[in-house]
Each structure stands twice: as structure tokens, then as C-alpha cells.
Amino acid sequence: MKCRICKIKTFNMNPPLCNYCKPNSCTNCHVSDVNYTNDTFKCSHGCEYSLSEYITRRVYTILLNSDWKQKLSIAGERVEYIIPNTESIQIHSNIPNHIDQRNVLAVHYTEDIDSIQTQQYNPKYNNNNPIYSETIRENAAYAWPYKPTYTESLFNWDKEYVIFEVPTSEVYVSSYSFLDWVSNSNDKFTIPLSKYKSELTFSPEQLKYTCDLMNRPTRKQNLL
């Protein structure tokens, strides 16, 4: 099964969290003696809270109060490249042998590969979802930082793909998992949309460093 927070495969069934994400102390009083039974955490001081409450608090705390390495460590497998300036994209039909050292590669899957190969990539859509219309995601291009073989095994895809080559400075790294926590609602543990770019986007260099340092959110050798 997969960890409910970081989506890493884990053998922990009770709770359904990996060793990295499960609590090593109570989230209320911080005593180290915490037990999990019947979907509930209980500590020796009497504090009690559900698994879902713990996950919400843990993610909220990491995404707003931790450093970028910890944030990326719980990004999960659906890490993406966001490219707001689509004019900066160079299209390749295969992975090139050499690229400009100032650029990065990413894989983009499509059902209309011919149109992408014959003209500059330009997404023709608008999304009424505030996550798109109020952030850098609106009318941006998207691609995966993973090697095609890894991406296809991860998502069980058999679509055709092209390779995007983009200046590193034009690329934001984020995660689909983060979108689940972003909203304009007034819920106590919701990440406001205004924090999306400043708190939940990163650089390709930060992604590579975190993968190399922590094997999270994936192993470095899985990156393109």
C-alpha cells in the first residue's frame, strides 16, 4: 500500500503511513509515547485525534512552516513541471543526446502529437477553477520530469509523447498532491491560493537535490 501523505510504498498497515510520515510524538503535547488503534492516535497524556486529523495537521505544518526539502519530500509521485511561458519550449521527438546546460528536459504526453511537433506548443483552454485562474497554472504547459519509461510504468500510460526542452529559469516544479490542500476557503488547515506560488512551487535544481538527498519524492535516477 502507499503512505497516505507522501504516497511512497510502505509495508506499514497500522497506521497506513511510512516511517517518515508517521508521528514520532503527539501533535498536541509532544510526548513521545503515541499509539494508534481504531483509526485514532492516543498519547500517554490522554490526547486523542483521528488519522485524518493528524494528516491534515502534518501536511499543513510542513507546507507552510518547513523548508523546501521537507515540502518536496511529501510531494508524492505526481510531481510536475509547470511552464507558464510556452514560447520558451523547444520540441523534440526523442530525447536529445545533448542539450544546453541551462535547460531541462521533460516528457509531455498527448493524443495530438502531430500538431505539437509541427507548431509551437500553445494550450488553448481556460479553466474556471480558481486554482488555475488565480495562479501561475492558467494557460501554462505541463510536463513530467520523469524518464518516459518510469512515467509510463507509474501511470500505466500508452500515449505518445514529445520531449520539452525548456530553460531552467522558465520552469516551476509542483505537485498534484499540493492542489488538494489549496483553496480560498476559510477552513483552518487550508493553504490559501495566495501562498501557492511562494510556498508550493520549486525549481528543477531543488527537485534534483531533494531526490538525491532523500530519495523523495522519487529516486534521482528516475528523473529525465
Q. List the chymotrypsin sites (Phe, Trp or Tyr not before Pro) in the stretch 1-59 that DSSP assigns to loop (not H, G, I, E or B) and whose Cβ has at most 13 other Cβ atoms within 10 Å. Which are they?
A. 11
Q: Can you spot the aspartates and glutamates whose alpha carbon is less than 17 Å from residue 195's alpha carbon? Ignore those fewer than 8 places along the same chain.
A: 67, 134, 138, 180, 187
Q: State, to one decimal in nm², a quarter of the convex hull surface area for the C-alpha atoms of the stretch 1-65, i.e. the direction-averaged projected area.
A: 4.2
Q: Starting from the Kirkwood radius over alpha-carbon pairs of the chain, derive D by Stokes-Einstein at 25 °C in a medium of 0.890 mPa s and give it in µm² s⁻¹.
A: 129
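Please give the calculated 222 nm ellipticity per residue for the chain, where each DSSP H segment of at least 4 residues contributes -39500 (n - 2.57) and the sum is spread over every residue; nearest 500 deg cm²/dmol?
Rounded to the nearest 500, the figure is -7000 deg cm²/dmol.
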Q | Reachable lysines, given that their alpha-carbon falls under 16 Å from the alpha-carbon of residue 9 and they are not under 8 places away in the same chain | A | 22
Q: Measure out, as a whole number of angstrom, how far apart the alpha-carbon centroids of the stretch 50-65 and the stretch 84-106 sit.
A: 36
Q) Once label points are set 7 Å from the Cα along Cα→Cβ at both residue 203 and residue 184, what is their separation, rounded to one decimal in nm? A) 3.2
Q) Helix 204-214 versus the longest principal axis of the chain: what angle, 0 to 90°, nearest 10, using Cα atoms? A) 40
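Count neighbours as other Cβ atoms within 10 Å of each site's Cβ, and list the GluC sites (Glu not before Pro) in the stretch 39-135 that are DSSP loop with at most 15 such neighbours.
111, 134
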Q: Sequence neighbours fewer than 8 away in the same chain don't count; with that in mind, list the lysines whose C-alpha is under 17 Å from residue 159.
A: 147
Q. Which of 42/220; 188/208; 2/208; 42/208; 2/69 have a Cα-Cα distance over 26 Å?
A. 42/220; 188/208; 42/208
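Read-outs throughout are calculated quantities, based only on the coordinates presented, and are distinct from any laboratory measurement. What you are looking at is a predicted structure, and each value in this text was computed from that prediction instead of being measured. With ideal geometry, Cβ positions are generated from the backbone for all residues, glycine too; neighbour counts draw on all protein chains shown.
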